[in-house]
Amino acid sequence: MSAVAPRPIPLAVPSLRGNAERYLRQCLEDNQVSSVGAFVARFEDAFAAAVGARHAVACASGTAALHVALRVVGARPGTDVAVPAFTFIASANAVTYTGAQPWLVDSERSSWNLDAARLHEAVCDRAARGAPLPSAIEAVHVLGAPADLEPLLDLRARFGIPLVEDAAEALGASWTAGPLAGRQVGTAGDAGCFSFNGNKVITTGGGGMVVTDDGDIAGRVRHLTTQAKVPGRGYVHDDVGYNYRLTNLAAALGVAQLELLPAFLTAKRAVAQRYDRALAGLALEPPPRPAGTTPSAWLYSVLLAAGGPGPDAVADALAAAGVTARRVWPPLHRQAPYRAAPRLGGEVAEDLYARGLSLPSSVDLDPDDQDRVAAALAAALGA
């Protein structure tokens, strides 16, 4: 008789409870399932209030949010936009959509985020030599850990370089010390962008949001995401816009999910704390927690010890035990579209890729299942 396969433990799945069914049913009853409907504005208003921004504009995806935000703040053909080398490829793709070229910047070893001090030095050197400056900087709050933005905000003040925050993985993360203390990620730059993909802290199935305190930026983003259509009866468009609107159905789910955000963040952080305790004796490094910040704990990602089993071997061993684990992203300079992109370092990003592994981190991850993950990881590492 063959052995029963262990019940699979996924990497990150949504928790669809609360008012989700009620709000979706209301959309169907009202026959408002496309981009017209009360839930879109309701989601935008509630989201802006939740993160502490003046304006929020819902978009079809996090990538769409990044694209239009970068375009609005000034990313354009013939210029560079600084972006981390260690991030999901959408961060760079959004730059490329504007016609600008990604300038790939290595990570800080302590936070895994863009090395803001190194970029600050490089931009100041460009300015001293009279070389072209980047038309924008895109800082990513990688895996939910707030990035160091102070050097980047200094570049904005000194040279007028706008800052866009890619907060796709970091909803609910904040700074607790320093000049940004009390601020949530996404609200410090000219614009902040969020994702609501199915594996994020909250989900709309797919979708994104641009937040900003600048009314002109918000108005321009809203205009471009609705095909740049001029208000009125006729189909008159004054620019090349995009069909980047969020549907009322998706927004209804977003409202229900946003109502649960505090509970979701508490659960995510509890998952991280349990992993901290369970994995403390293993040959690995826990996720970074930059000083003076509270991360979202979106996805618990570790660095395996150099010289030990690599992430592919460990992921295979976990899969055999019914546990889904995933390698972190290859550096962008390894990806075919960006192999020739200019870059500033890359050694840290290479090391993160060589040793990084993400573990199951669903909001509703059962503690017993988490014990299974820890035990399987210990066995895979020979502990």
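Bear in mind these aren't lab numbers, they're just calculated from the coordinates by the rules spelled out. On a predicted model such as this, the values are computed, not experimentally measured, just so you know. Here the Cβ is made from the backbone with ideal geometry for all residues, glycine too, and neighbour counts use every protein chain on show.
For the reader, a short list of remarks on this structure follows.
- Fraction of beta bridges assigned by DSSP in the chain that are antiparallel (%, nearest 5): 55
- Net charge, R17 excluded, C-beta distance under 12 Å - Lys, Arg +1, Asp, Glu -1: -2
- With θ taken as phi - 60° and the Karplus curve 6.51 cos²θ - 1.76 cosθ + 1.60 applied, the whole-hertz 3J(HN,Hα) list for the range 317-328 is 5, 5, 4, 5, 9, x, 10, 8, 10, 9, 5, 6 Hz, x standing for glycine and proline.
- Other residues with beta-carbon under 14 Å from the beta-carbon of A177 carry, at +1 per Lys or Arg and -1 per Asp or Glu, a net charge of 0.
- Full-stretch length increase - I89, D371 - with 0.36 nm per residue and alpha-carbon distance subtracted: 98.3 nm
- Computed [θ] at 222 nm, deg cm²/dmol, the chain (DSSP H ≥ 4; -39,500 (n - 2.57); rounded to nearest 500): -11500 deg cm²/dmol
- Where a label projected 7 Å from the Cα of C124 along Cα→Cβ would reach, residues of the range 143-162 with amide N under 16 Å: 149-161
- The range 261-380: relative contact order in percent, alpha carbon pairs under 8 Å with at least 6 residues between: 34
- Amide H contacts of V140: L114, D166, each under 5 Å away and 5 or more positions distant or on a separate chain (H built 1.01 Å from N in the peptide plane; Pro and chain starts excluded).
- Across all directions, the shadow cast by the convex hull of the range 12-104 built on its C-alpha atoms averages 8.1 square nanometres.
- Around the amide H of V105, modelled in the peptide plane, lie the amide H atoms of V83, A85, L344, all under 5 Å away and 5 or more residues distant in sequence or on another chain.
- Gained length - R269 relative to V240, 0.36 nm times residue gap less alpha-carbon distance: 6.2 nm
- Each residue of the range 41-51 was assigned a 3J(HN,Hα) from its phi angle through the Karplus expression (A = 6.51, B = -1.76, C = 1.60, θ = phi - 60°), giving 5, 5, 5, 4, 5, 5, 5, 4, 5, 5, 9 Hz with x at Gly and Pro.
- Whole-Å distance, taken between Cα centres, linking the range 187-218 and the range 222-301: 7
- Here the relative contact order of the chain, from alpha carbon pairs under 8 Å that lie six or more residues apart, stands at 24 percent.
- Ratio of Rg to Rh for the range 261-380: 1.00 [Cα atoms; Kirkwood radius as inverse mean 1/r over pairs].
- Qualifying trypsin sites (Lys or Arg not before Pro) in the range 158-260, where qualification requires a DSSP coil assignment and no more than 16 other C-beta atoms within 10 Å, comprise R233.
- Cut-off 14 Å between beta-carbons: net charge of the residues surrounding A341, Lys and Arg +1, Asp and Glu -1: 0
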